[in-house]
Every structure is written in C-alpha cells, then in structure tokens.
1. Go through the residues of the range A:87-96 one by one and say whether even a single one is out of contact with any Phe, Trp or Tyr (no Cβ under 7 Å at 6 or more places or on another chain), at pLDDT 90 or above and open to solvent by less than 30 Å² (accessible area, probe 1.4 Å).
2. Name every residue in the range B:38-56 that is more than 8 Å from every other protein chain (Cβ to nearest Cβ) and under 18 Å from the mean Cα position of the chain (by Cα), in order of residue number.
3. Which members of the range B:186-225 meet the condition of being away from chain A (no Cβ under 13 Å) and either of a type in the set (Ser, Thr, Tyr) or more than 30 Å from the chain's Cα centre (by Cα) (or both)?
4. Of the residues A:44, A:62, A:96, A:77, only one is not in a helix (DSSP H, G or I) and not hydrophobic (A, V, I, L, M, F, W, C); which?
5. Name every residue in the range B:40-65 that is among the basic types (Lys, Arg) and modelled with pLDDT of 90 or more, in order of residue number.
6. Could you tell me which of the residues A:72, A:83 is assigned to a helix (DSSP H, G or I) and either under 27 Å from the mean Cα position of the chain (by Cα) or over 30 Å from residue B:609 (Cβ atoms) (or both)?
7. Of the numbered conditions (1) more than 24 Å from the chain's Cα centre (by Cα); (2) closer than 18 Å to residue A:306 by Cα; (3) open to solvent by 70 Å² or more (accessible area, probe 1.4 Å), residue A:103 satisfies every one except a single condition; which is it?
8. Name the residue that is farthest from residue B:194 (Cα to Cα), counting only residues in the range B:215-229 that are open to solvent by 30 Å² or more (accessible area, probe 1.4 Å) and in a helix (DSSP H, G or I).
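The values are calculated or read from the model by the stated rules, or taken from the named source; none is laboratory data. Computed from a prediction, not measured in an experiment: that's the story for all the values here. In this analysis, Cβ positions are derived from the backbone assuming ideal geometry, glycine residues included, and neighbour counts consider all displayed protein chains. Accessible surface areas use protein heavy atoms only, side chains included; no ligands, DNA or RNA. Shrake-Rupley method; radii C 1.70, N 1.55, O 1.52, S 1.80 Å.
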Amino acid sequence: MLFIKRYLLPRIVQFLVVVFVGITIVFFVPRLTPVDPVQQVISQITSQGAFMDPAAVDALRQSLTELYGLEGGMFQQYFAFWGRLIKGDFGPSLFQFPTPVMDLIMISLPWTAGLLITTTIISWIIGNLLGGLAGYFKNKAWAKTLDNISMVLRPIPYYIFSLLLLILFAYLIPIFPSAGGYSVGRRIGFNWAFISDLLIHSFLPAMSLVILGIAANFMTMKLIVSNIVAEDYVMYAKAGGLKESTIAFKYVIKNGLLPQITGLALSLGQIFGGALITEIVFSYPGLGTLLYGAINSGDYNLIMGVTSLSVIGIAGATLLVDLIYPLFDPRIRYR
Amino acid sequence: MKKSACIIVLALLLFITGLSQVAGIPREETLIVDVLSGRAGSPGNFNVFTSAWRNPDRGIQQLILEPLWIVDPTTGEVINALASEEPIYNKDFTQMTIKLRKGCYWSDGVEITADDIVYGIETAMKYTAMGSHDTFNLNVKKVYKTDNYTVVFELKEPNARFHANFIDRWGGWRPFPKHVFEKVDDPITFDFNPPISSGPYVLKDYDQAGYWTLYEKREDWERTPTGMLYGEPKPKYVLFYYYGETSNKVIAQANHNLDMTDLTIEAFRALTQRNPYTRAYRIEYPWIVNVDPCITGLTLNNEVYPYNIKDVRWALTLAIDIVDYIGIAFDGAAPMGVLHLPPTPYYLKVYYEPMEEWLKNFTLDIEVNGQPFKPYDPSATLRAAQYARERGYTVPNDINELKEMFGPGWWKYAPDVAEQLLIRNGFKRDKNGKWLLPDGTPWKITIINHPSPSHPSNRNGLAAAQQWRNFGIDVNVVTSESIQDITFFGNYEVSTNWPAPEPWGGHPDLDRVLSPFHSRVYKPIGEYAVQNGPTSRWTNPKLDKIVENMEKIDWNDPRNLELGMEGLKLLIEEMPTIPTFGYPGVVGWDEYYWTNYPGAENPYTQPYHHWPNLKYMLPYLEPTGRK
C-alpha cells in the first residue's frame, strides 16, 4: 500500500501531467506557425498548373476551412480535439482528407518500429558489452583498437555516414538496393521470399544506425566502467582473488548498465518520431518522412497524431523504467 | 579454410544481388520514372477526384486518366483527348457544349459517354470535398446531355473561359467512371482501388509504403485517346518510383534502375561522368529544358515602401546584369525572359518576336545624353553566348538558335540610369557608396527565399542579392520553408516567388497570367493572396480593363492576342515584379534501355515524366533491345 502511495501513484500522476502538457504544446505550436493547411492544399492543386478562377479559390478556401474543422477559435478546436482524442481518434488528415490519421500512421509505424526497435536493441547490447569489456580490460590491445575505432566513428555526422554506406554498397559495389522497403512486384507476406527481401532492403539503413549506435553506447559504457573499476568493492573483489570474468560481468558491467537501461528506454520511446535522415537517405518508409511532410503541409491532425504518440511513448518509457528500476537496483527497492 | 570462407562470401553476395532485382518484371519491357511529388501518403487510394492531395504524378495522371483537353507546351497545341473538338460556346458565352470522342472505353470495357461527364459534374457540385466543387457551383446552372456524345453546360454568368477548368495542365477536371462511383455510398471516402482507367495503362501493383506504383499496358490500348491519336505505347510496364534525394536518383540512374528523372544541374554533370547513356534535354550545354511554361524572377511587394515607387522598381531592374545574374544562378544555362511570360520557343514565336520592335522602342521617363532612355538590350543574347564560350562551352553562332538557348534579350545593365532614378526620388549614397533611403537611413532589402538550394527561386534570390550588393544596397537573404505562406500574406519586401502566374504554355490566351492581377482579387497585406501574381499587391485600372475585355471574347479571337500584348506592355511599364529567366528544368534520361526521348533535337512532345502528357510520349519511345 505504501509502495502504491509513495512510489507508484506520484509517477503515474507525473506521467499524465507530462502527456497532457506535451500534447497541449504540440496542439498549439503548429497553429502559431505561418503555415496554413488550407492554403497548402490549394497551392498544391494550383501550383503545378491546374486552372482555378480566383473567385473559386476564395470559395474553396472557405469550404475547406469548414470541412477541416478549422473554423472557430483555437480553444474551441482544442477542446474538440481532446474530445476526439479520448476516443482514440486523431481525426482525418487534412492533406489526405478524409483518410484518418491513424490509417496513415499505421502504414508507416511497422516500418519504423521494425527498424528502430531492432537496431536500438542490437546496438545497445553490443555497444554496452564491448564498452564494458573495453573499460574493464582497458590496457588490452583489442580494447584500445575498439576505442580508436569508436572515436573515429562517433563524431561522423549521421547523414555523411549513411550516405557513405549508400554510395559504397549501392553504387560502387552494388550489392544492396539503394531505395525502398522491398522489391517491386514482391507481395508482402509471412514467407521467406518476402522476409529475405525485407532484410536485404533494411540492411543498409540498419547498419547505419547499428554501427553508430554501437559506437555511442561503447563510449558511454566504457566511461561508466572506467569509474566503476576504481570503486572499493571492485578492488576488494580483486584482492579477494575472484576470477576476472566474474568481476567484469557480475560486479562491473552489471552495475554500469543501470544508467544505460534508462537510455535504452528513452531511445525506444523515441521511435515514434521516426528516423528522418535514415528514411530520406535510403528512401525507407517510416514515420519520420510522414511527420516531415505533415509539418511542411501544415497537416495539424497528422502532426498531432505522430507527436502525441511520441509524447506518450517517451513518457510511457520513462514511467516503465521508473517502475521496473527497483528490479535492477536493490538500493531503490530497499528504500 | 580461407577458400571456403571466400566461397561463402561470394555465394552471399550473389544471393543478395539476386534479391535486389525487380521481382518478376522484365526490365527491358519496363520504363522506370521518378515521382516528383514524393512518397504517397495513402498509397492505396487512387481517388484523385476529391480536393485532397493524392500524389497524382505517381502515374495516375500520366497513365490512367485521359482528360477532355490537354495542353502541350512544346508543340503549342491544345490536344483534343476525350473531347473530339474544341469547346463550342453560344454567342453570349452562357452555354458551352462538349463533343466527346467516340469509341473510348474504360479499362473494364464500359464505353465512356456523356453520362460520365454529367454524373461527374453533378457529383462534384453535390459534395463539398470533391475537386472543382466550388468552381462548378459558382459557374454551372445546369448540365445535361443531348446525346451519348454531347454534353451541354448552361452557365450562371457569361464565361468565355469556362472550358479552362477542363484543360489538363498538371491538373484540371478529369472524368471518372459513373458506373463505379454511383455504386459507392460516399465518393469522398471511396479509395477507387483498383482504379478503372481511361488511359492506356492499368494499375498492376503498388508499394503499401508509398514509394512505387507499377502499371501495365492495357490490352485494348487502341480504345483510348492515346492509342487513337499516337498509337501503341512501347513499354509494357511503367514503374513510378520515388527515389527521394538527388544522390539516390544519381545512383539509381547510374545503375540503370531509373530511366527518366529530374535532377539538379550539378547532379546531372556528376551522372554523366558515371553513366555514358545519360543525356539531358539538350545533348550539349546548356542541357536544360527550354519549353517549361514558367517564368522565374523576383516579386516586389508594391504595398511596402519604397517598392511602391515605379522608379525604384525600375532602378532595381537596371541594376541587374542579366548575363552575370544567370551565370551566378545557373552557369549561364537558363534562358533570359524579359516579358512576364517564359521564353519558350512557342512564346518566342507568338509574343516575343511580334513585340520585339515595341521593346526596342520602349523608353523610360528619364533621359540619358539628352535622349529618352531605351532600356531594352537585344544584344544580351550574344553576351550570354560569349559568357558560355569563355566558360569553355561550345555554342552555335546562329542568332535564332542562340535566342532559343539563352533567350531573346533583356534589360540593359545600366547602374548609372538606376542611380538617376533613385536620386530623383530622394535616395542618396553615403560616403562608402552605400544607398540611403530619403530619410537618411540605410536601405536594406530583405529577400525571402525558397529553402532548396537547387530550386530556381533560390538561385534567383542569391543572384539578385549579389547584383544589388554590387550596386551598393545592403541585402539580406532569408530562406524559409514557409515562403509561400509568408509572401501570400504579404509580410515581405522582395520574394523569389514566380513574378507572374504560369501561362497555358500552348495557346496565345493570357487570361491565366493577367486576370490574377485584376483588382477584384486584390488582398491587402495580412489577407491571403490567391496566386503568385497577386502577392505583389499591384493593381492597375488599365489592366482591369484589359482583363475584362479579354473575358468578353472567345479565346481564339485574334483580339485576344492583342489584349495579351497590351497587358504584357503594361506589366513592363509598371514592372511590379521582375521576370528574369525561364524555368531551367534539368532532366536525366538513361538511354540504356529506351531511346527517342523528346529532346531538343526532336521535340515531339513535352519532356517531363511528371506531366500528364507522358502517355503521349510513350508511343514514340524505342526499346534498345538490351537485356
């Protein structure tokens, strides 16, 4: 009971407040920009050349404003939005009217989730393991080599690195496709032909994320472990004659992982924002380009849909970490 | 051990390479083209008849929709597609009749008749979210058929340009099948999937993530306007693929996985180093497409001081050395345009050449050496050619060829005259030669610019800034993704929006260009302007009169051409916006699998893959036979 009152409840309240404030901000911010979704649609219709009498343009603007529910004050729209959101409805996309926002998100979400969850977990595991070992065995030649490689990779801007992979393996040695999520003519299905095709198309985007992700996790973990190895309990374990591998894994790396778990949860929470640059460089489908297009076209509802999921994702991941942290850290459990 | 490792790696590479091919579609029978407007947001929705954006250039408008009429900016023709002849108006333009081409069929075997047109118009008028809903409700009193191939519109008011709503020029009202749409509950939410086609292709497959769409040639292609007018399209399949960034397009075409694309001039140069089969619209410099019906330049806000002063607008014009300007913007490769019309070969013939004498004799209200100043400089073409030669490019000597390449002339570079114009309005220079406003404060121009560095608008902004800085004005260039919204609300001084709305490209009628400048569509700063021209907030009673007279006569009436010239002359005299060069489109065509693209040496149709006219290009393409 005390756990619920003193630990669980405050965190749930905090989660709800963060979600409420976050969603409120993302509701108002797009509306304060000069981008007008109605005008964006009209511009898209007319900019390439279709004829429209100026009087008809004015009438169309009025019709679309009504149709999109953009009439009335900002607060009127705000309350209507919460009314819809409670029912799990983000409304129709304004630019793709009347396609529901959730339908558009569901087209892109599996791609983003598949790519980012896999690459985040792989790079977290490998990066932390190698970083932990390199931090503990810092004088070994392999540890120094890994350290040097990470120091070279880590500062490379992601855009440059992904472009480098693209040019190298899609052009100079063209063994991977340069664009897309799967081959033209291939049917999506749970079969080897599609799965292998999907893996091939995802390989370069995944590698770009995994390699830089490993480098980032490696360096952070190495730094954490470098501090832990100087702790008294590690010295004591060494003096006690425990095996190096036991000290490394059970005393050092295990403790070093605690802050990294928080990082992992936040990274997983961020997947709803997509990986914009990856998607642009590799023409890979996902939420990033969906959100980018929505911002450019002033598609308020779609912006709200994607960013609300992102806010909920990050806040939810933080809550989850808070709740499961006692499992990893006995100090919190005992408190 | 090493040997087996090598074998494993080799096998893996072969496996991977095998998987990266297009699955089950013969490459040599497939034309692969890029998608201009990006990844499809709702890829399973082919209902482009609503007012929502559905990426029609992913093959929908190019292959599976035939319009009533379509304009071709290369040949200058307005082509009768589903219509068998031009629109027929009654005497007072309150009635318009459309005659339909007989023997055209939807891809499911149902004949295309007047019922489809009548149903389509009535549906558009009924549903707010249908495309052209407001246009038709403003104009149409009644629509009916008199037989299976004749549709009559009774209009609420006389309107000699009502047919313009049906001319496909990257958009326009296109018929959809009554027998399909009348069976659905809601034509707005209907996804029209699979789409029933009036064009020579049908949908075969599409990417559920929105990157590609594949079409297959109809077996009965001869029952479409494309087949009837131009014959059998050559590619069995056409694949529209959105490759995204320019680097991806370059890689794809270098690997022969992309036949037609748009590029930047820098990307095109890089590509030619990698792919000997790549060509542009012109095989040699200046490479660019010179038939794009769009004029680029600078828009001045005529409601903001000092751009509300005609002398200032002209001074800014004369402070530009156009050869240097286009050199900065496009290494000299874009055609200069002195009129508020693009200098395409068609408009050179219809407007530029007939107006050349007037241009030569046109004077500004200022004297130089005791003579009225004549600002037109026909020798700018030769200067542009000389610039190109000095840059090491080979260009012809024939003046007519040069005019098509570089444009027929522009305004003189006359900073001395510009200075006189400013001084007589109270401007002065400080001790460093920098211009001051009449109140003594420094004159600083802020140009709001397009954010993409490869976009012609962006290049205009950079070139103008350079020119005006050379002249002594402090210029600040601000790029913004929201340029359209900012400028349409009028919150700017100078922008790089098009200086005039785009013309048809293929008919002398300039109502499209001039009517948006009419005072009836004027919006003060703070209210949204309707199109590019009105963002300048310039109006003029003389122009109102020209537009009103234009709208009272048939667009084929010879007086229409004269009125068009009058309008252009007025725009020059007032110079509310400054046209600089025609849109320099850069296309990359790979001749590895297909040849006979409509390049400058054989311009049989418009050259863009994203225009709806692509279907009329396909019968002319030739397979090379390479596998």
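1. Looking through the range A:87-96, none of the residues is out of contact with any Phe, Trp or Tyr (no Cβ under 7 Å at 6 or more places or on another chain), at pLDDT 90 or above and open to solvent by less than 30 Å² (accessible area, probe 1.4 Å).
2. Across the range B:38-56, the qualifying residues are B:55, B:56.
3. Residues satisfying the conditions are B:197, B:198, B:201, B:219, B:220, B:224.
4. Checking each option against the conditions leaves just A:96.
5. B:58
6. Working: A:72 fails: assigned to a helix (DSSP H, G or I).
Selected residue: A:83, the only one of A:72, A:83 that is assigned to a helix (DSSP H, G or I) and either under 27 Å from the mean Cα position of the chain (by Cα) or over 30 Å from residue B:609 (Cβ atoms) (or both).
7. Unmet for residue A:103, out of (1) more than 24 Å from the chain's Cα centre (by Cα); (2) closer than 18 Å to residue A:306 by Cα; (3) open to solvent by 70 Å² or more (accessible area, probe 1.4 Å): (1).
8. B:229
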